[in-house]
Every structure is written in C-alpha cells, then in structure tokens.
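Novice: Pasting a structure here, questions to come.
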Amino acid sequence: MNAALTPIVPEPSSPGVQICTDPESSERCLRARVAFAPGDVLVSFGARMTHLEPARLTVQVDERCHIELDPSWLSYLEHGCAPNVALDLTGGTSGRVVCLLPIAVGDVLTYFYPSTEWDMAAPFVCRCGAAACLGVVTGAARLALDAPEVLRRHWLAPHIVRRLPEMSVRLAG
C-alpha cells in the first residue's frame, strides 16, 4: 500500500475502489480497497454523454465515438505502461473495468490509454516508471506505426484491433 496516497470519501456504488489524492502531486487517482484477481470485474459503467471528437477526459468506444464515463470518478484511472486493469468496451457505451493482474489492497488502478485511444486528444509525458514505459503517450495510431510490438503486449479494445490492419497497409504502401 502506498502510504503517500490520502483517501477521499469512497464511492458508495463501488465498495472495492476509492478515490485518493497523492499529496506530492495533488493529483487524484483510484486505488483498491479490496484485493482483486485477474478476470474480476471491479465496476461496470455507462456513458453520461457521447462525443464525436476526442477530449481530455473522454474514452474512445468505437472508431468515431468518445464517451464521458459514468460514474465520473472513473476518470481518475491512471495511465500505466504495465497496467493492472483494462476497460472492456465490448458493450459500446457501457463497459466494465476488468482486473488484468493481481491487485492488492491499496494498489493504484492503471490502464493502458492506447488500449482505447487511437489518437490522444492531449498526449503527455508518461512518468509511470514501468520498465517498458512509452515515454510519451500519444495513442495506438503512433504505436502501430513506430512500435507495433508494444500493442501486441496489451489488451486492446475491439475498435483499436479493427484499425490495426489499415496501418499495415500504410507501412507496405
């Protein structure tokens, strides 16, 4: 458990997860209040609003649509280059947060942003500290061109998988 994370009021609809604030960065994140095993569903979610264009706090659910997560506290899921959860978007505008790796009480929940985002609305420098850290997170499109092996190591949303063949054509052409 990371003692540097200060818990905020836990979300009552999801007793296994709570919002925390890192006192050093003042950024909010989600951490586990209970242990989870691979395959466990941490929480199910829906969309509050759909967008045709990406925005900083939206999640891409298909080739053209982004959603705002509902409940909105899910927007505190951190990016991680070695993630412990995935966003299962097979329901379109509804989905689930699914455990990928064993999660202990107090672990910060992370998912691989390029697993859902083709082009990031707000690319950023990653500071996750993973051995295979991307350095800069720009989305799956850039990785498909520059480092397709990275994508092969991660769970990917169906709309990202469907777009990968078009990148192979671009590379061959």
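Novice: Return yes or no: is Glu11 in a loop (DSSP other than H, G, I, E, B) and either modelled with pLDDT under 90 or not aromatic (Phe, Trp, Tyr) (or both)? Show your work before the answer.
Specialist: Details: in a loop (DSSP other than H, G, I, E, B): yes; either modelled with pLDDT under 90 or not aromatic (Phe, Trp, Tyr) (or both): yes.
Yes: the conditions hold for Glu11.
Novice: Another question, if that's okay. Quick one: which residue in Val125, Val137, Val161, Val105 is of a type in the set (A, V, I, L, M) and under 13 Å from the mean Cα position of the chain (by Cα)?
Specialist: Numbers: Val125 fails: under 13 Å from the mean Cα position of the chain (by Cα); Val161 fails: under 13 Å from the mean Cα position of the chain (by Cα); Val105 fails: under 13 Å from the mean Cα position of the chain (by Cα).
The conditions single out Val137.
Novice: Whether any residue in region 127-142 is surrounded by 13 or more Cβ atoms within 10 Å (Cβ to Cβ), free of Cβ contacts under 8 Å to residues at least 60 places away in the same chain and in contact with a strand residue (DSSP E or B) (Cβ under 6 Å, 6 or more places away or on another chain) is what I want to check.
Specialist: yes
Novice: Only one of (1) modelled with pLDDT under 85; (2) touching a helix residue (DSSP H, G or I) at 6+ places or on another chain (Cβ under 9 Å) fails for Ala86. Which number is that?
Specialist: (1) is the only condition that Ala86 fails.
Novice: I've got another one for you. Which residues, counting only those in region 55-74, are among the hydroxyl-bearing types (Ser, Thr, Tyr) and either touching a Pro at 6+ places or on another chain (Cβ under 6 Å) or surrounded by 15 or more Cβ atoms within 10 Å (Cβ to Cβ) (or both)?
Specialist: Just the residues of region 55-74 that are among the hydroxyl-bearing types (Ser, Thr, Tyr), to begin with: 58, 72.
Correct list: Thr58 only.
Novice: So how many residues does region 14-52 have that are within 30 Å of Glu63 (Cα to Cα), among the β-branched types (Val, Ile, Thr) and modelled with pLDDT under 85?
Specialist: Qualifying residue count for the region: 1.
Novice: Another one. When both residues are 6+ apart or on different chains and their Cβ atoms are under 6 Å apart, which pairs have a first residue that lies in region 70-86 and is closer than 23 Å to Cys133 by Cβ, and a second that is assigned to a strand (DSSP E or B) and of a type in the set (S, T, N, Q)?
Specialist: Cβ pairs passing all conditions: Glu78/Thr110; Gly80/Thr110; Pro83/Thr110; Asn84/Thr110.
Novice: Is there any pair linking a residue in region 151-170 that is within 24 Å of Leu101 (Cβ to Cβ) to one that is at pLDDT below 90 and surrounded by 18 or more Cβ atoms within 10 Å (Cβ to Cβ), with Cβ under 6 Å and at least six apart or on different chains, and which?
Specialist: So the pair list comes out as Ala157/Leu89.
Novice: Has region 101-114 got any residue that is touching a Ser or Thr at 6+ places or on another chain (Cβ under 9 Å) and in contact (Cβ under 8 Å) with a residue 24 or more places away in the chain? Outline the logic, then answer.
Specialist: So the first thing to find is which residues in region 101-114 are touching a Ser or Thr at 6+ places or on another chain (Cβ under 9 Å), and the list is 114.
Narrowing further to those that are in contact (Cβ under 8 Å) with a residue 24 or more places away in the chain: 114.
The answer is yes; a qualifying residue exists.
Novice: Among the residues of region 21-68, count how many are free of Cβ contacts under 8 Å to residues at least 40 places away in the same chain, within 24 Å of Ala141 (Cβ to Cβ), out of contact with any Cys (no Cβ under 9 Å at 6 or more places or on another chain) and assigned to a loop (DSSP other than H, G, I, E, B).
Specialist: Residues meeting the conditions: 3.
Novice: Filter region 19-54 down to residues that are more than 14 Å from Ala86 (Cβ to Cβ) and charged (D, E, K, R) and give me whichever is surrounded by the most Cβ atoms within 10 Å (Cβ to Cβ).
Specialist: Arg31
Novice: Still on this structure, please answer the following. Got at least one residue in region 99-112 being surrounded by 15 or more Cβ atoms within 10 Å (Cβ to Cβ), part of a loop (DSSP other than H, G, I, E, B), modelled with pLDDT under 95 and among the acidic types (Asp, Glu)?
Specialist: Yes: one or more hits.
The values are calculated or read from the model by the stated rules, or taken from the named source; none is laboratory data. The structure displayed is predicted, hence computed values, not measured ones. Reconstructed Cβ throughout: ideal geometry from the backbone, glycine too, with neighbour counts over all protein chains shown.
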